[in-house]
Amino acid sequence: MNRPDAIFYSITFYAYLASFLLYIVHVALKKEKVGLYATIVAGIGLIPHSIAFGTRWAHQGHIPLANMYEYMGLMSWMVVAGLIYFVIRYKNHKIGVFVSPIPVMMLVVASLLPNEVNRQLMPALQSNWLAIHVTLAALGSGAFLISFAGGTLYLLTDDESVKVGRESVRREWNLFAIFWIAVPIVVAVLLKLIGILPTPINQVPANMMGRLTGSAVTQFALMASDGPLYWGRTAIGLGIGLVVAAIAWPLYHGRIVKQSKLAGAGSRMFMVVVAALLLSAIIVGFLIKNGTVMLTGRSYLKIFEFFGPVLVISWALSPILWFFMGRAQGAWVKSLGLKRTVFEEIGYAAVAIGYPLYTVGALFAGAIWAEQAWGTWWSWDPKEVGALIIWLFYTGFLHARYQREWRGKRAAVLLVLGMVFVFVSFFGNYFFGGLHSFEVT
């Protein structure tokens with residue numbers, strides 16, 4: 001913590017946190033000066049943030065974009081810069097109350113990642129194209145984060161022409177219980193009965209240890225006071241069940257809503273599920289960081305070991321988030337005094353800014369760097385595939401908006417899903433390895 005860049009990052013964090021709190025006071029008390037102060041503090045926070053970036057660059061002798069900690073730092077810088085841009089553009093400081101929490105959370109998550117200074121880069125990283133590739137990709141991803149915030153607020157804002165009844169709310173919770181609790185549990189039980197899940201390491205005989213490697217063994221454990229609890233099969237089963245639910249739930253939900261005349265609370269439940277899963281992922285990240293949860297070192301099923309506890313924690317968070325988001329719909333979102341169209345415009349504008357940055361950085365510059373580093377433009381690396389999926393997704397979003405005139409809830413849902421893809425791609429190399437696996441070290 002004595003590193004100069006760490007000190008400046010700490011100053012940056014407290015500046016962004018203070019800005020967020022001032023925005024809350026601004027909305028609560030409706031004091032325009034407080035909103036102005038909040039924006040000024042956010043702008044001031046960019047100064048130590050930029051200094052931290054430059055100091056780390058000077059200290060290690062190369063651009064600080066060689067790992068996920070540094071990448072996330074630049075993403076959060078872009079979010080704050082975008083916040084100030086949209087506040088000035090719309091002449092409304094209240095926009096900051098839903099954008100300013102993002103850089104605060106990102107810096108908290110970044111603090112969980114390895115942040116050691118690396119003065120000696122591997123040959124693959126010693127390229128100017130890497131700087132272009134990662135810088136533009138990080139800035140584009142930061143813009144996508146702002147679009148995520150716009151889409152989220154759009155979905156949380158009530159459509160006054162639609163009244164959501166109790167029967168609709170009851171239907172949403174019944175579907176939640178079926179698809180997000182019952183289905184994963186059934187999937188986990190069936191996979192256990194079939195016997196295709198890996199063997200917990202504590203049940204592997206000593207004479208078989210050398211033969212069972214990789215995905216054949218799970219080392220997932222919860223560290224308790226009386227020793228580790230090896231629940232790898234349960235975690236993997238629930239993790240696979242989460243993926244099944246994520247596919248089945250929207251398909252069935254869309255069909256049942258079309259057949260029902262009840263005004264839906266589906267947008268609110270969608271945001272509850274997404275927010276619960278994202279917050280649960282952060283909590284599990286903390287538990288892995290402090291050693292409470294242990295994942296298997298090398299296994300293609302590692303990501304499902306992660307999804308398992310994320311799902312279980314989301315079960316507890318969902319009712320809490322439902323309550324607070326319900327309060328948000330009825331209270332503080334309305335108190336912002338912003339029309340739903342503003343949230344929609346911010347979401348679209350942020351994608352319009354981030355899309356060309358991501359296209360040039362993640363795809364074109366990334367391909368050139370890959371050819372220089374590994375002798376091939378494309379190698380089907382997990383990170384490359386993730387970047388392509390993200391690009392295709394936002395390409396589809398822009399096409400749907402221009403050609404199909406997709407607006408409103410459908411567009412907002414796409415913006416939220418796009419950010420889920422960004423997060424999965426961002427942390428994917430931690431689970432799948434590949435040529436970009438150096439980013440986790």
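Inspect all residues belonging to segment 64-71 and state whether any of them is over 24 Å from the mean Cα position of the chain (by Cα), assigned by TED's automatic domain parsing to the domain that holds Leu145 and either assigned to a loop (DSSP other than H, G, I, E, B) or free of Cβ contacts under 8 Å to residues at least 12 places away in the same chain (or both). Give the steps one after another, and end with the answer.
Filtering segment 64-71 for residues over 24 Å from the mean Cα position of the chain (by Cα) gives none.
The answer is no; no qualifying residue exists.
Tell me yes or no: at least one residue of segment 10-25 is outside any helix (DSSP H, G or I) and either assigned by TED's automatic domain parsing to the domain that holds Ser147 or of a type in the set (Ser, Thr, Tyr) (or both).
no
Suppose we filter Val186, Val164 for residues that are out of contact with any helix residue (DSSP H, G or I) (no Cβ under 7 Å at 6 or more places or on another chain) and either modelled with pLDDT under 85 or small (Gly, Ala, Ser) (or both); which single one remains?
Values: Val186 fails: either modelled with pLDDT under 85 or small (Gly, Ala, Ser) (or both).
Answer to the selection: Val164.
Kindly check whether there is at least one residue in segment 135-145 that is more than 20 Å from Leu417 (Cα to Cα), in the same structural domain as Tyr16 (by TED's automatic domain parsing) and modelled with pLDDT of 85 or more. Steps first, please.
Start the filter on segment 135-145 by keeping residues that are more than 20 Å from Leu417 (Cα to Cα), which leaves 135-136.
Within this subset, residues satisfying the condition of being in the same structural domain as Tyr16 (by TED's automatic domain parsing) are 135-136.
With the extra rule that they be modelled with pLDDT of 85 or more, the set shrinks to 135-136.
Yes, the conditions are met somewhere in segment 135-145.
All but one of (1) crowded, with 19+ Cβ neighbours inside 10 Å; (2) modelled with pLDDT under 85 hold for Gly337; which doesn't?
Result: Gly337 fails condition (1) only.
So, Gly361, is that one in contact (Cβ under 8 Å) with a residue 24 or more places away in the chain, farther than 30 Å from Leu301 by Cβ and not β-branched (Val, Ile, Thr) or not?
Numbers: in contact (Cβ under 8 Å) with a residue 24 or more places away in the chain: yes; farther than 30 Å from Leu301 by Cβ: yes; not β-branched (Val, Ile, Thr): yes.
Yes: the conditions hold for Gly361.
Of all the residues that make up segment 344-360, how many are crowded, with 17+ Cβ neighbours inside 10 Å and under 8 Å from Gly140 (Cα atoms)?
Counting residues in segment 344-360 that are crowded, with 17+ Cβ neighbours inside 10 Å and under 8 Å from Gly140 (Cα atoms) gives 5.
Looking only at segment 293-317, how many residues end up being under 19 Å from the mean Cα position of the chain (by Cα) and free of Cβ contacts under 8 Å to residues at least 40 places away in the same chain?
First, pick out the residues of segment 293-317 that are under 19 Å from the mean Cα position of the chain (by Cα): 302-315, 317.
Going one step further and asking which of them are free of Cβ contacts under 8 Å to residues at least 40 places away in the same chain, we end up with 313.
Total satisfying the criteria: 1.
Scan segment 396-417 residue by residue and report those that are among the small types (Gly, Ala, Ser) and closer than 15 Å to Ala352 by Cβ. Break it down into steps so the answer makes sense when it comes.
The first filter runs over segment 396-417 and keeps only residues among the small types (Gly, Ala, Ser), leaving 396, 400, 408, 411-412.
Gly396, Ala400, Ala411 - these are the residues of segment 396-417 that are among the small types (Gly, Ala, Ser) and closer than 15 Å to Ala352 by Cβ.
Could you look through segment 217-241, keep only residues that are of a type outside the set (A, V, I, L, M, F, W, C) and outside any helix (DSSP H, G or I), and pick out the one that is farthest from the chain's Cα centre (by Cα)?
Applying the first criterion (of a type outside the set (A, V, I, L, M, F, W, C)) to segment 217-241 yields 218-219, 225-228, 230, 232-234, 237, 239, 241.
With outside any helix (DSSP H, G or I) added as a condition, the list becomes 218-219, 225-228, 230.
Details: Thr218: 26, Gln219: 26, Ser225: 32, Asp226: 34, Gly227: 32, Pro228: 29, Tyr230: 28 Å.
Among those residues, the one meeting the criterion is Asp226.
Just name the residue that is surrounded by the fewest Cβ atoms within 10 Å (Cβ to Cβ) out of those in segment 76-104 that are under 21 Å from Ile7 (Cβ atoms) and touching a Pro at 6+ places or on another chain (Cβ under 9 Å).
Step by step, filter segment 76-104, then rank; the result is Trp77.
Please tell me if Gly54 is under 18 Å from Leu107 (Cβ atoms) and at pLDDT 85 or above.
yes
Please work out if Ile84 is aliphatic (A, V, I, L, M), in a helix (DSSP H, G or I), within 22 Å of Ala149 (Cβ to Cβ) and modelled with pLDDT of 90 or more. I'd like the intermediate steps shown before the answer.
On the way: aliphatic (A, V, I, L, M): yes; in a helix (DSSP H, G or I): yes; within 22 Å of Ala149 (Cβ to Cβ): yes; modelled with pLDDT of 90 or more: yes.
In short, yes.
The values are calculated or read from the model by the stated rules, or taken from the named source; none is laboratory data. Not measured: the values here are computed from a predicted model. As a convention, Cβ positions derive from the backbone with ideal geometry for all residues, glycine included, and neighbour counts pool all protein chains shown.
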